[in-house]
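The values are calculated or read from the model by the stated rules, or taken from the named source; none is laboratory data. Just so you know, these numbers come straight off a predicted model, no measurement behind them. Here the Cβ positions follow ideal geometry from the backbone for every residue, glycine too, while neighbour counts run over all protein chains shown.
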Amino acid sequence: MTSSGRVTSYRLARVLAHAIWIVAAVIALFPFYFAFSTSLKNTHSQFTYPPEWFPSSPTLANYQYVLGGMPYLRYMANSLVVASTVAVLKVIFDSMAGYAFAKFRFFGKKILFAVILSTLMIPLAVRIIPTFLIVRRLGIFDTLWALILPPLAYPMGIFMMAQFIATLPSELQDAARVDGCSEFGVFRHTVLPLIKPVLATLAIFTFLWQWTEFLLPLIMTYSPKVMVLTLAIANLKGQLLTNWGAVMAATFLALLPILALFVLFQRYFIEGITLGAIKG
Amino acid sequence: MVARENSRRDESARDVGVNRRQFFKTVAVLSGAAAAGSLMPSCMPGGAPASKGPVTVKFWKSPHHEKEADFWVPIIKQFEDAHPNIKIEFSVLPWYEAGARLTTAFASGNPPDVLYVVDAWGPKYIESKYFMDFDAAGYSKEVKDQFDAQLFAKVPNYLGKTYGIPFLGVPRFLYVNNKMLKDAGVSAPTTWDEFTKVGTSTTKGDKWGYVVFKPGYWQAFWPWLWMAGADIMNPEGTKAAFNTPEGVNALQFFVDWWRKYKMLPDYGSYDQEQAEDLFYRQGVAMESGHNIMADRLPKEWPDVDFDVVMMPKGPAGAFSFADFGYVTISQACQYKDEAWQWVKFITSKDGAGAYLKNVGLFPARPDISIMEKNKAWPVYVNNMEKIRGAPMHPHFEEANNRMWAQIEAAILGQVTPKEAFATAEGDFNQALAG
Amino acid sequence: MYAILKKMRAPILSAFERRGVKRSTISRNLVAYAFLAPSLAFFVVFMIIPVIWTFGLSLQEGGLLRATSFIGLSNYPTVIRDPRFRIAMLNTLLYAVMVIPAVLTMGLFLAVLLRQVVFKTFFKSAVFFPHLSAMAIAAVVFSYMVHPEFGPLNQMLRLLHLPAQNWLGDPQLALPTVALLEIWRSLGFNVIVYVAALGRVPEEIYEAGRLDGAHGWSAFWHITVPLIKPVILFTLVMATVWNLQMFDSVFVLTRGGPVYSTATVVWFLYDNAFYYDKVGIAATIAILLLLVTLVLTLIQVRVLRSEVEY
């Protein structure tokens, strides 16, 4: 192949790559556009044919309806409380456990780690019935606790933390012990500061996964006062409501908090996945 | 409004309970101002628990209106004023997965005290003794005389015992769009032949002759089964009864709407609300609708010229389907007599009337006449004995789902109606056996 | 918690010391377990116990509303012989086969192409975007998009003079349509994972490869793929676990129909546990799902691991 031929084919490849990526991005974003534009339409222009790609007379009535007609903010607050509490607790507990696995030799370590690793393959659906029975026995059925405590068992974070903390030099901890730090002090002063990015990543992904959880709230809650957004919106479809615009307004509003998080912490979203995937 | 806010605050305070104050404090900080703003007022523990004060009765009902909770506020207030020792705590139980939610609520040991039940839901819970026996408690004979004897003996009844007081009825009749029929030169059908004729002659362009929605679809089929002279289950309620020549005829007729007459939109394209909406927007000439439609049409869609008629007569006559709802008290309720006061009140002429006139549903008692203007009302009154309800069996839900899968297969042309019912009969009976 | 541990420390220490275990070893164990304690507590209560309990329930007959009684293993033949379970299992596997290869290959493909593209962050974010919305919520939007009459998907087909489809009402199309939604939602996740993995492959390796005559496709196949194999394995295993428990989308969109064409294993489990009140059957379904998931992921790990280690 001549060098000019190679340059042309390289250019062609670039054009093609852009074309493919543009198509992918349009497909990825189109449903959001559809939801958003429908949410701005009034009830009568949702069924027009040929379709109206831009609302001809945009209105915020659907947003008013959603925010005024049901305890939407309550649902959103419930979702936020659940997702952020799980995220915070998980970050604390998993970093502690990860530290133990990474920096201590202890009885039963290998077996325990193997057990924990193998449970990564156990989906929630498999455990859902006993989880309900345990939640019932703990007396937390139909409370937000029933959505907060069960996810703490999923060990992905322990695994992630153990891998990352293992890469930190152990000398720091030894030095801190010599300085007379308590064991927790050692962890707090020599480990936590160094794993902040991983903590952020774990927190954000835990938040995302809890924010999008459906099966758990479906089984563990029924009262509107502890209802979370995923359930409330799936519920909308089954209500006395054919108002597409309102449904779309509700779905669009549900996206906002997570969108804000994404914009603020984009770096961690993208790094996070790789950290989990380092070793497989 | 203020009273309602307060009561809501108390209610959540009790639920969130002790020791959670700390939790919510932490969380409020964590989840930022937005969450905190909406959480703190409703979740801070309120006054001391009611040790001696009024008794609280938890009442659940699935919504028949978007403003369900608002409608109950004045009714609850009126009751509480008359009964200062009883407090009613109302919750909307969403229709969405209501069955699964009731299962977990009863299984969790913390069910509602008073519950609105759709008749077909009952047997599963009654069989496991979750509903109270109203005969044994002497409640049913207190009010029995106020109701139609036949209805009272059927709706809240399972295996000869009464488990509640009838509250409302949702009959389905044929709704026709007069203008669309007139344009096609036909009138409302009175026989099956006329029905398909009207259906095909009104189907053109983006307009349809008829529509069957899903889920909840079985309600659209059962009347045709009855009208053909077949039934879902035998009179003893132990076995399938639909796999007879008459039953197969009914299914053949049903399937032909799509496959032969092509008078319906693609199977499964409309859920119930969308199908109703299609009628409101004059996209369909006929629909088997419930009485809320007759209530909403003149109020919200005054341009639609419609009528409500009885289902068109089949080989065995005309029949139509209705859900009935009753109000029950759960066996686990601690204050049964107080709960009974509430049940008696809301099923009374005044209580039921106050609620039903808001939602446009038919009362289960004959002395409430709030519906004269509803076009479905005369059809309801004149055809009382031709209205049938869902079969009562604890395993009916599973049996019915299995039956419907075969009907779907027939609609989609995968099997013939005969084959569909042959398979369905076996599946159905197996499910009933548990 | 801490106070209890402190109190327990002395007696535990002396008990072990009497058996000749070194004091420092004991104390190291205690510290390690103290750090593990909170995670382990939840792990035991909500992971280990439920799995064992599920197995226990699979040996019972009865429901959440009814009393249960021990019947041994006889739920297993009942479930395995049930044609509805077989269809559900088949649908679940078919769905996984439709989704997983598609997202893995397309994800890798897009990640490789990203090198050539400007505005990398924008594009990456755009395809990741669908992952931010919950499946249940995305399914609600999707249900409107594929509506046979008013949905934009069919309207577009009509504009192109192609026949409109009954996406969720046609038994042949329903499962692929639901799979399409999952592909839409999880493709971006895979893209991001692969982009990061590719970014960690040192440029020198490609340069060395080029000297050996590895360009384009062959460089990709002989250099890139082996190096990121652990990441591929990770995404494959995670996608398998995730897709075999598919539920949210069928729950919102199709409820298993039409004619069982989208009935999945978890859907069947849910109906049995919470509608038909057959908790033993539901638990049996859960255990069978677990076995299938474990077998499949173990095969994946075996196959890909052994090839990696050369």
Handout entry: Per-region count, region B:137-180, residues assigned to a helix (DSSP H, G or I) and either closer than 30 Å to B:C333 by Cβ or polar (S, T, N, Q) (or both)
Key = 15
Exercise for the section: Pick out the one residue from A:L152, A:L192, A:L208, A:L147 that is surrounded by fewer than 22 Cβ atoms within 10 Å (Cβ to Cβ), in contact (Cβ under 8 Å) with a residue 12 or more places away in the chain and within 15 Å of the chain's Cα centre (by Cα). Expected result: A:L208
Practice task
Check whether at least one residue in region B:130-143 is within 14 Å of chain C (Cβ to nearest Cβ) and under 20 Å from B:M392 (Cβ atoms), and report yes or no.
Solution key: yes
Handout entry: When residues of region C:18-51 are limited to those that are more than 13 Å from A:I116 (Cα to Cα) and surrounded by fewer than 15 Cβ atoms within 10 Å (Cβ to Cβ), the one farthest from the other protein chains (Cβ to nearest Cβ)
Key = C:R18
Fill in the blank from the handout: Going through (1) surrounded by fewer than 23 Cβ atoms within 10 Å (Cβ to Cβ); (2) within 10 Å of another protein chain (Cβ to nearest Cβ) one by one, A:L172 fails only at (2)
Completion exercise
Output for Cβ contacts, cut-off 6 Å, separation at least six or different chains, first residue closer than 13 Å to C:A197 by Cβ in region C:108-126, second surrounded by fewer than 20 Cβ atoms within 10 Å (Cβ to Cβ), reads C:A111/C:L198; C:L114/C:K120
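Of the residues C:I192, C:I223, C:I205, C:I228, which single one is under 30 Å from A:A234 (Cα atoms) and touching a helix residue (DSSP H, G or I) at 6+ places or on another chain (Cβ under 8 Å)?
Numbers: C:I223 fails: under 30 Å from A:A234 (Cα atoms); C:I205 fails: under 30 Å from A:A234 (Cα atoms); C:I228 fails: under 30 Å from A:A234 (Cα atoms).
One residue alone meets the criteria, C:I192.
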Completion exercise
Considering residues that are among the aromatic types (F, W, Y) and either more than 37 Å from the chain's Cα centre (by Cα) or outside any helix (DSSP H, G or I) (or both), the number found within region C:8-57 is 1
Handout entry: Residue, modelled with the lowest pLDDT, within region A:231-271, restricted to residues that are facing another protein chain (nearest Cβ under 9 Å) and closer than 27 Å to C:L236 by Cβ
Key = A:E271
Fill in the blank from the handout: Of the residues in region C:179-204, those that are within 15 Å of the chain's Cα centre (by Cα) and among the acidic types (D, E) number 1
Completion exercise
Of the listed residues (C:T262, C:T235), the one being of a type outside the set (G, A, S), touching a Gly at 6+ places or on another chain (Cβ under 8 Å), surrounded by 18 or more Cβ atoms within 10 Å (Cβ to Cβ) and more than 30 Å from C:L64 (Cα to Cα) is C:T235
Exercise for the section: Go through region B:97-120 residue by residue and tally those that are within 17 Å of the chain's Cα centre (by Cα) and aromatic (F, W, Y). Expected result: 1
Exercise for the section: Please go through region A:88-104 and pick out each residue that is facing chain C (nearest Cβ under 7 Å) and either within 20 Å of the chain's Cα centre (by Cα) or among the charged types (D, E, K, R) (or both). Expected result: A:F93, A:D94
Exercise for the section: Go through C:L244, C:L227, C:L296 for me and flag whichever is at pLDDT below 90 and crowded, with 16+ Cβ neighbours inside 10 Å. Expected result: C:L227
Problem - Every residue from region B:277-324 that is in a helix (DSSP H, G or I), touching a residue at least 60 places away in the same chain (Cβ under 8 Å), of a type in the set (D, E, K, R) and more than 19 Å from B:A364 (Cβ to Cβ) - result: B:R296
Handout entry: Residue count for region C:283-305, restricted to those that are free of Cβ contacts under 8 Å to residues at least 40 places away in the same chain and either in contact with a Gly (Cβ under 9 Å, 6 or more places away or on another chain) or closer than 15 Å to C:G63 by Cβ (or both)
Key = 0
Practice task
Give region C:205-254 a look and list any residue that's of a type in the set (S, T, N, Q) and in a helix (DSSP H, G or I), or say none.
Solution key: C:S218, C:T224, C:T235, C:T240, C:N243, C:S249
Problem - Matching option when the condition is over 30 Å from B:F428 (Cα atoms) and either in contact with a Leu (Cβ under 7 Å, 6 or more places away or on another chain) or buried (at least 18 other Cβ atoms within 10 Å of the Cβ) (or both), among B:F221, B:F306, B:F242 - result: B:F306
Exercise for the section: Could you tell me whether B:V343 is more than 16 Å from the chain's Cα centre (by Cα) and either in a helix (DSSP H, G or I) or crowded, with 17+ Cβ neighbours inside 10 Å (or both)? Expected result: yes
Problem - Boolean, B:D231 is without any contact (Cβ under 8 Å) to a residue 40 or more places away in the chain and not in a loop (DSSP other than H, G, I, E, B) - result: no
Practice task
Look at region C:111-135 and say how many of its residues are in a loop (DSSP other than H, G, I, E, B), within 7 Å of chain A (Cβ to nearest Cβ) and not aliphatic (A, V, I, L, M).
Solution key: 2
Practice task
Give the residue, chosen from C:R84, C:R158, that is among the charged types (D, E, K, R), assigned to a helix (DSSP H, G or I), within 14 Å of chain B (Cβ to nearest Cβ) and more than 27 Å from A:L216 (Cα to Cα).
Solution key: C:R158
Completion exercise
When (1) over 19 Å from B:H64 (Cα atoms); (2) among the hydrophobic types (A, V, I, L, M, F, W, C); (3) crowded, with 22+ Cβ neighbours inside 10 Å; (4) in contact with a Gly (Cβ under 7 Å, 6 or more places away or on another chain) are applied to B:A316, the one that fails is (3)
Completion exercise
Exactly one of C:L108, C:L94, C:L104 is surrounded by fewer than 20 Cβ atoms within 10 Å (Cβ to Cβ), over 28 Å from B:R402 (Cβ atoms), touching a helix residue (DSSP H, G or I) at 6+ places or on another chain (Cβ under 7 Å) and more than 11 Å from chain A (Cβ to nearest Cβ), and that one is C:L104
Handout entry: Residue, surrounded by the most Cβ atoms within 10 Å (Cβ to Cβ), within region B:181-215, restricted to residues that are part of a strand (DSSP E or B) and within 14 Å of chain C (Cβ to nearest Cβ)
Key = B:W208
